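Have a look at the structure below, then the notes.
The values are calculated or read from the model by the stated rules, or taken from the named source; none is laboratory data. As the structure is a prediction and not an experimental result, all values here were calculated from the model. So basically every Cβ, Gly included, is an ideal-geometry build from the backbone, and we count neighbours across all protein chains shown.
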Amino acid sequence: MQNLISSIASRLVIAVPYLWLLIFFLIPFVIVFKISLSEVAMAIPPYTPVFNLSAGWQAFADNFSQFSWDNYIWLLEDPLYYKAYISSVIIAAVSTVLTLIVGYPIAYGMARAPATIRPTLLMLVILPFWTSFLIRVYAWIGILKPEGLLNQFLMWAHVIDTPLNILNTNTAVFIGIVYSYLPFLVLPIYSALEKMDYSLVEAAEDLGCPPILAFWKITFRLSMPGVIAGCFLVFIPAVGEFVIPDLLGGSQTLMIGKTLWNEFFSNRDWPVSSAVAVILLLLLVVPIVLFQRAEARAQESEK
């Protein structure tokens, strides 16, 4: 009886994340995919349904060949969309690298700090989450605009003579993404570094290894799980970011999040915007799945 209860409890624990994915990922994805196969219409909602979910999966299979793939073909033919995808990936990749350059020393300093002040440092890292994300982005407008705090300080320090044009550029977008997503990269790296045995570094230095080389071969490599997790946590939301490029970026800043917003709310073309969302999801999920499989194979080969 005890074994039966334990088995049921363990299965319930495993079922919770799968249920979460079903409700908040798979079902919404199916709905969006369904809309992407529809045709735009002057109605509410602004599309013509091509399949009624209440008809069942057999009706879906019977009518699958009749669905319209014109929206996906349109995305391939219009250069605006694939340029937006490429630009989003590039901006997100550069932002992730910049966030890693800024965040890794912070995480390393936190991990090597005395244990008594680590909770305080950890609180300071997550402190920005205590305020609204939108307010924090708006604050950067006041900092980066020509008459903002940054230009006033640089002119007061006689570093520059005329205000810098930072707002409404890709540079402002990079600053906003790095600032907003920095805690998502610092925390996984800090978690990996805190558990590391630093006697390995001391042993390497005692054997004649230079400190920089010991850091690269031991510390950085042992922290790679945290680095990879942090980079994913920054890169994935940065690709589809809308608020930061819309408020801090200029008209030349092309990202798929802004394009998706315009299609949904300005053009009211829900089928095309749903197709954009589906491709964006596949663009992010497929590489992650392939990477996880490669990591799993590498770990099995090491065993």
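Of the candidates Y82, Y47, the single residue that is at negative phi, modelled with pLDDT under 80 and under 31 Å from the mean Cα position of the chain (by Cα) is Y47. With respect to L222, is the statement that it is more than 21 Å from the chain's Cα centre (by Cα) and aliphatic (A, V, I, L, M) true? Against the criterion (more than 21 Å from the chain's Cα centre (by Cα) and aliphatic (A, V, I, L, M)), L222 qualifies. Would region 96-115 turn up any residue that is under 20 Å from L280 (Cβ atoms) and without any contact (Cβ under 8 Å) to a residue 24 or more places away in the chain? No. For first residues located in region 125-143 and closer than 25 Å to L164 by Cβ and of a type in the set (A, V, I, L, M, F, W, C), partners that are outside any helix (DSSP H, G or I) and at pLDDT 90 or above and lie 6+ apart or on another chain with Cβ distances below 7 Å form the pairs I141/L167. Each residue in region 247-303 was checked for being among the basic types (K, R) and surrounded by 18 or more Cβ atoms within 10 Å (Cβ to Cβ), and 1 of them qualify.
Of the helices (runs of 4 or more DSSP H) contained entirely in region 220-303, those carrying at least 3 residues that are free of Cβ contacts under 8 Å to residues at least 12 places away in the same chain and over 21 Å from I189 (Cα atoms) fall at 270-302.
With respect to being assigned to a helix (DSSP H, G or I), out of contact with any Asp or Glu (no Cβ under 6 Å at 6 or more places or on another chain) and either of a type in the set (G, A, S) or at pLDDT 90 or above (or both), V201 falls outside the description.
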